[in-house]
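This report refers to the structure that appears directly beneath it.
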Amino acid sequence: MNIFNLIAINIIDIFILYFNISILQDQYYSNKRYILFKKDKIKNNLFLYSLYIPLLIIATILPLYFEFTSFLALLLPLFSLIITTKRKLIITRRSIILLLVSIIILFSLNITYYLLLPYFYIFIESTIISYLIVVLISNLFDLPIEKLIQRHYYLITKKKLASSRDLKIIGITGSYGKTTVKYFLKQTLGDINPLSTDKNINTPMGLCRFINENLSVFDHYLIIELGVDEVRGMKKFKKFLKLDYAIITSVGMQHIRTFKTLDNIKKEKQSIQDLLKPGGILFYNADTLEILEKKKEIQYVPIKESDYSVLDSNTIKTNETKIKLPLLTRHLIFDAYLSYIVSLNFISKERLCAIMPNITLPERRKRIYQKESLIVIDDSYNINLESVKDDIELMKQFKKPYQIVSSGLAEINNNKDMLKTFFEQLNQADSIIYTRKLSKSEKEIIYSLKIKDKIKFKKRYIKEGTLLILTFGTSTTLR
């Protein structure tokens with residue numbers, strides 16, 4: 001193989017590594033999540049990836065006998081580039097370090113292979129596993145550095161929070177409903193002007209940055225969201241955070257792939273009580289969670305749907321108090337009621353009853369838009385199975401025909417029971433537009449339910465009736 005091929009392969013490798021680092025970044029720099037993503041990609045495109053074998057034989061064997069075919073050495077890296085998932089890399093200090101380290105490692109290996117094993121260079125270098133291993137090694141290499149940096153910011157954040165002696169912190173966790181409850185609390189506690197994290201900032205480093213950049217001596221109340229998607233994830237927040245109030249919203253099968261079991265999810269969510277100060281209060285959804293190990297120094301407030309009665313689509317009643325809400329679905333009503341109960345610790349009942357009818361929803365969480373004869377229901381942010389049921393009932397309150405745009409359920413590890421329930425719900429629409437390629441498990445469910453003809457992949461939306469958008473992830477936008 002000549003030097004030209006080596007240079008060309010290294011250039012192609014830069015692009016492949018760029019996209020792989022962007023995938024790692026999208027998976028929160030978790031090697032485990034990155035491997036699972038790659039595993040799914042290969043599993044769902046098995047035929048395409050199997051083409052590596054004949055290409056490998058051609059690119060390795062032919063140049064041994066016919067020197068003019070040495071250009072075939074470019075086949076495998078080009079093929080790798082074609083089948084690599086394309087993601088845009090968000091430029092950060094960590095992403096740039098990982099990209100540079102990956103390039104240095106791969107280039108070093110390329111040159112070594114080229115000098116020592118020129119005939120088998122392509123066989124060793126240009127395989128999927130090579131890029132995978134390089135990215136994983138780079139991330140492991142960077143991990144000690146990241147931990148030192150994180151420790152530095154944890155200490156700064158801890159000192160800043162400690163200097164705000166009158167500050168009361170409300171922390172929210174749960175499988176779903178976190179951002180909605182946070183958004184509601186921001187409105188119900190408007191009279192005391194709380195500081196609240198933007199959008200879905202909920203990682204330890206994300207919170208550290210927000211607190212260090214935004215918290216001032218004039219802030220007396222802070223509302224934050226704690227995102228946990230793996231066992232022992234809550235311990236990271238303990239390094240810099242102490243809560244006065246904690247909230248556990250609905251708990252379910254979200255992130256079942258990384259948690260493995262529902263029991264793990266429940267244990268991890270209830271571990272937010274370890275962040276509470278002595279005398280702190282924990283509000284939790286008792287319909288989806290039972291606190292197994294309670295602490296004497298903490299006050300527990302279980303909240304259930306049976307605590308109130310729904311008089312109509314806009315009014316609930318509790319303890320002789322009628323509360324009007326501009327909301328339409330069961331889970332939104334519960335989230336609003338949960339926010340109401342928490343807010344009673346700061347705001348009078350009379351004032352809250354005046355505020356509640358005017359609360360609004362966060363973007364991409366069941367917001368309703370209307371354009372001429374078309375009604376659009378936008379629930380396009382990380383949907384879950386329970387939310388889908390609500391969305392379908394909401395859709396059916398409006399006019400036909402019904403059309404659903406969906407990208408499936410996120411991180412369910414191809415659980416067939418969940419998939420079946422999901423597609424049974426979708427089947428209530430007149431047509432379904434799927435925005436990504438179906439997995440093998442999804443295909444099996446669709447054929448068993450006999451709804452294959454109802455699912456389309458072309459983005460031709462109806463101009464009248466009701467359009468329900470059920471997608472997941474931050475890349476989906478409503479246009």
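The values are calculated or read from the model by the stated rules, or taken from the named source; none is laboratory data. Bear in mind the structure is a predicted one, so any value in this text is a computation, not a measurement. Here the Cβ positions follow ideal geometry from the backbone for every residue, glycine too, while neighbour counts run over all protein chains shown. Surface areas here come from the heavy atoms of the whole protein model, side chains and all, with no ligands, DNA or RNA. Shrake-Rupley method; radii C 1.70, N 1.55, O 1.52, S 1.80 Å.
For the range 109-125, which positions are open to solvent by less than 60 Å² (accessible area, probe 1.4 Å) and modelled with pLDDT of 65 or more?
Selection gives ASN110, TYR113, TYR114.
Being surrounded by 12 or more Cβ atoms within 10 Å (Cβ to Cβ) and within 27 Å of the chain's Cα centre (by Cα): is that true of ILE272 here?
It is true that ILE272 is surrounded by 12 or more Cβ atoms within 10 Å (Cβ to Cβ) and within 27 Å of the chain's Cα centre (by Cα).
Take PHE283 and decide whether it is part of a helix (DSSP H, G or I), open to solvent by less than 10 Å² (accessible area, probe 1.4 Å) and not hydroxyl-bearing (Ser, Thr, Tyr).
Spelling it out, it is not the case that PHE283 is part of a helix (DSSP H, G or I), open to solvent by less than 10 Å² (accessible area, probe 1.4 Å) and not hydroxyl-bearing (Ser, Thr, Tyr).
Within the set of pairs 6 or more residues apart or between chains, which connect a residue that is within 14 Å of ALA410 (Cβ to Cβ) inside the range 256-267 to a residue that is open to solvent by less than 60 Å² (accessible area, probe 1.4 Å) with Cβ atoms less than 6 Å apart?
Taking only residues 6 or more apart or on different chains, the pairs are ILE256/ILE412; ARG257/GLU411; THR258/ASP229; PHE259/ILE265.
If I filter the range 417-442 down to residues being over 25 Å from TYR34 (Cβ atoms) and out of contact with any strand residue (DSSP E or B) (no Cβ under 8 Å at 6 or more places or on another chain), which single residue comes out as most open to solvent (accessible area, probe 1.4 Å)?
ASP417
Given the range 1-110, what helices (runs of 4 or more DSSP H) lie entirely inside it while holding 3 or more residues that are in contact (Cβ under 8 Å) with a residue 40 or more places away in the chain and in contact with a helix residue (DSSP H, G or I) (Cβ under 8 Å, 6 or more places away or on another chain)?
Once the helices (runs of 4 or more DSSP H) in the range 1-110 are filtered for at least 3 residues that are in contact (Cβ under 8 Å) with a residue 40 or more places away in the chain and in contact with a helix residue (DSSP H, G or I) (Cβ under 8 Å, 6 or more places away or on another chain), what remains is 3-26, 31-44, 52-65, 75-83.
Is one or more of the residues making up the range 241-262 assigned to a helix (DSSP H, G or I), closer than 20 Å to TYR153 by Cα, out of contact with any strand residue (DSSP E or B) (no Cβ under 9 Å at 6 or more places or on another chain) and not small (Gly, Ala, Ser)?
No, that holds for no residue.
State whether the residues of the range 172-179 include one that is in contact with a Leu (Cβ under 9 Å, 6 or more places away or on another chain), at positive phi and open to solvent by less than 10 Å² (accessible area, probe 1.4 Å).
There is at least one residue in the range 172-179 that is in contact with a Leu (Cβ under 9 Å, 6 or more places away or on another chain), at positive phi and open to solvent by less than 10 Å² (accessible area, probe 1.4 Å).
Checking the conditions here, which among GLU363, GLU350, GLU393 is under 30 Å from HIS220 (Cα atoms), open to solvent by 70 Å² or more (accessible area, probe 1.4 Å) and outside any loop (DSSP other than H, G, I, E, B)?
GLU350
I'm told HIS331 meets every condition in (1) open to solvent by 10 Å² or more (accessible area, probe 1.4 Å); (2) in a strand (DSSP E or B); (3) touching a helix residue (DSSP H, G or I) at 6+ places or on another chain (Cβ under 9 Å) except one. Can you identify the failing condition by its number?
(2)
Hey, does the range 372-379 have a residue that's surrounded by 13 or more Cβ atoms within 10 Å (Cβ to Cβ) and either outside any strand (DSSP E or B) or free of Cβ contacts under 8 Å to residues at least 60 places away in the same chain (or both)?
The answer is yes; a qualifying residue exists.
Tally time: how many residues in the range 188-231 are farther than 19 Å from TYR381 by Cα and surrounded by fewer than 16 Cβ atoms within 10 Å (Cβ to Cβ)?
12
Can you spot a residue in the range 305-312 that is in contact with a strand residue (DSSP E or B) (Cβ under 7 Å, 6 or more places away or on another chain), of a type in the set (Ser, Thr, Tyr) and open to solvent by 50 Å² or more (accessible area, probe 1.4 Å)?
Applying the first criterion (in contact with a strand residue (DSSP E or B) (Cβ under 7 Å, 6 or more places away or on another chain)) to the range 305-312 yields 307-311.
Going one step further and asking which of them are of a type in the set (Ser, Thr, Tyr), we end up with 308-309.
Narrowing the set further to residues that are open to solvent by 50 Å² or more (accessible area, probe 1.4 Å) leaves 309.
Yes, because at least one residue in the range 305-312 is in contact with a strand residue (DSSP E or B) (Cβ under 7 Å, 6 or more places away or on another chain), of a type in the set (Ser, Thr, Tyr) and open to solvent by 50 Å² or more (accessible area, probe 1.4 Å).
Note down all Cβ pairs under 9 Å where the first residue falls in the range 420-441 and is in contact (Cβ under 8 Å) with a residue 60 or more places away in the chain, the second is of a type in the set (Gly, Ala, Ser), and they're at least six residues apart or on different chains.
Close Cβ pairs (under 9 Å, with a partner that is of a type in the set (Gly, Ala, Ser)) amount to SER439/GLY408.
Among the residues of the range 334-347, which ones are part of a loop (DSSP other than H, G, I, E, B) and in contact (Cβ under 8 Å) with a residue 60 or more places away in the chain? Steps first, please.
So the first thing to find is which residues in the range 334-347 are part of a loop (DSSP other than H, G, I, E, B), and the list is 344-347.
Result: ASN345, PHE346, ILE347.
Tell me, yes or no, whether the range 168-185 has at least one residue that is more than 22 Å from the chain's Cα centre (by Cα), in a helix (DSSP H, G or I) and at pLDDT below 95.
no
In the set TYR65, TYR28, which member is at positive phi and open to solvent by 80 Å² or more (accessible area, probe 1.4 Å)?
Working: TYR65 fails: at positive phi.
When all the criteria are applied, what remains is TYR28.
If you check LYS235, LYS239, which single one turns out to be free of Cβ contacts under 8 Å to residues at least 60 places away in the same chain, open to solvent by 40 Å² or more (accessible area, probe 1.4 Å) and basic (Lys, Arg)?
From the options LYS235, LYS239, the qualifying one is LYS235.
So, in the range 229-250, how many residues would count as being hydrophobic (A, V, I, L, M, F, W, C) and under 10 Å from ILE272 (Cα atoms)?
The qualifying residues number 6.
Report yes if some residue within the range 452-468 is at pLDDT 90 or above, under 25 Å from the mean Cα position of the chain (by Cα) and either open to solvent by 50 Å² or more (accessible area, probe 1.4 Å) or under 27 Å from LYS178 (Cβ atoms) (or both); otherwise report no.
Yes, the range 452-468 has at least one match.
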